Amino acid sequence: MVITVIALTSGADTASQGAVLFDAITAALSDAPTISVSFDGIATVTSSFTNASFLRFAQENGLGALKTRIRIVNASSQIREMLRNRVANSKSLMLAAA
Amino acid sequence: MSRVVADITTLIRNHGIGCEVHFDFSNLGFIRPAGIVFLTNMIHWLEAEGCRVSLNKPQVRTQACAYLDDSKFFEEHLGVPIWEDSRVRSTTLPVQLIRHERIHQWLRGDLIPWLAGSLNVSSAALSDLQVCISELFNNIKEHTRHDIGSIFVQHYPNEKRVIIVLADFGVGIPETVRRVEPSLEDAEAIIKATQEGFSSHSIATNQGYGLDILLKTVVERNQGWVTIYSRQGIVRFAMNGTKMEHSSKSGVGFCPGTTVEINLRTDTIVDTQEDEEDFEW
């Protein structure tokens, strides 16, 4: 299954938009072992959006679940860098993994 | 400008809400983009706080007053420009008062395309800058009851730089930082707020990733510089060789809320095309 962000929200700029994606991811993964999230049509994401979507998913389900169950596709270099940095630098995730 | 604001805040303290403030531009010899944004936000803040604000129409068309008029400052506050032949300059994006709900769309649809056109680069080349400004406005929403920010952009082609100034009238960075670090002075609090991972934990999604990414993008990568004004703190961040350093001043005036002045070098911006790939965590 593919969740296309632009089909859910007009952008990936705010925490409330991130929450919409979080809800969609959570719902989709209740029916499927893995999903893809496509950023086709979205050029940039903010930390607020990332925190409210992917980091929240990792905090509630574990970093392992984030990495194995969610695939990211059609992501620009800025999006790839933001996701990578946020996951690598999130103290709460590191504490949870410890 | 921060001394002017210090005088105004003293006036409000002494006379309370409902005071009258008159701005006289007769002797204005020079104004920078940060000053325009500062004034714009100041006027809107005073009006929101119940003060009556008036501005005189300058009689002499000094360079400073012409710049204000061409930047639509007088049109914003008086309803009409002062001089009939005032025109927005091709190198200026006039001062905008933006509500948070509109900012991200305005960035994508107005600022970034305008700047890309001015600099003859693709919008993709400015994506990091776009995100920086989005992050700053997300912080405005999270830390102020007014939910309004001002932004002004001036391109200096001969100097190969662009100045972007954003301002809000929130509680100010020092007040926010002192919720978790109560002993810090204003400039120290500004510096603390720029450290990666620092957060005031004001809301669950605020994990302190706004100001440090701004400095990484503008100072480290672009080799430009950033000045942050908030309450009595002024801190400038710039590269010194290969290391980013900061210099600070305190107590020279007062800046309610926060004003961020971004000095972007245009000669270090690398034009890139959009690339989309799959991502491995």
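Below is a table of values for the structure above.
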quantity	calculated
Gyration tensor (alpha-carbon) shape descriptor, region A:1-92, a/c threshold 1.5	rounded
Percent RCO, i.e. relative contact order, over chain B, from Cα pairs under 8 Å lying at least 6 residues apart	18 percent
Carbon and sulfur %, accessible surface of chain B computed with the full protein complex present, 1.4 Å	46 percent
Expected 222 nm ellipticity per residue - DSSP helices of 4 or more, -39500 (n - 2.57), all of chain B, to 500	-9500 deg cm²/dmol
Residue mean of other protein chain beta carbons inside 10 Å, A:45-56	5
Chain B shape via C-alpha gyration tensor axes, a/c threshold 1.5	oblate
GNM flexibility winner over chain A from A:SER76, A:SER30, A:SER48 (Cα, springs under 10 Å)	A:SER30
Translational diffusion of the protein assembly as shown, µm² s⁻¹ [Kirkwood Rh, Cα pairs; Stokes-Einstein; 20 °C; 1.002 mPa s]	97 µm²/s
Cα-derived Rg to Rh of region B:27-159, Kirkwood definition	0.98
In Hz, Karplus ³J(HN,Hα) per residue of region A:36-43 (6.51, -1.76, 1.60; θ = phi - 60°; x = Gly, Pro)	10, 10, 9, 9, 4, x, 10, 8
Average beta carbon contacts from partner chains per residue of B:270-281, 10 Å cutoff	6
Percent accessible area from carbon and sulfur atoms, chain A, protein chains only, probe 1.4 Å	54 percent
Gyration tensor (alpha-carbon) shape descriptor, region B:231-281, a/c threshold 1.5	prolate
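The values are calculated or read from the model by the stated rules, or taken from the named source; none is laboratory data. Quick caveat: nothing in here was measured; it's all calculated off a predicted structure. No Cβ is skipped: glycine too gets one built from the backbone with ideal geometry, and neighbour counts run over all protein chains shown. All accessible areas refer to the heavy atoms of the entire protein, side chains included, with ligands and DNA or RNA removed. Shrake-Rupley method; radii C 1.70, N 1.55, O 1.52, S 1.80 Å.
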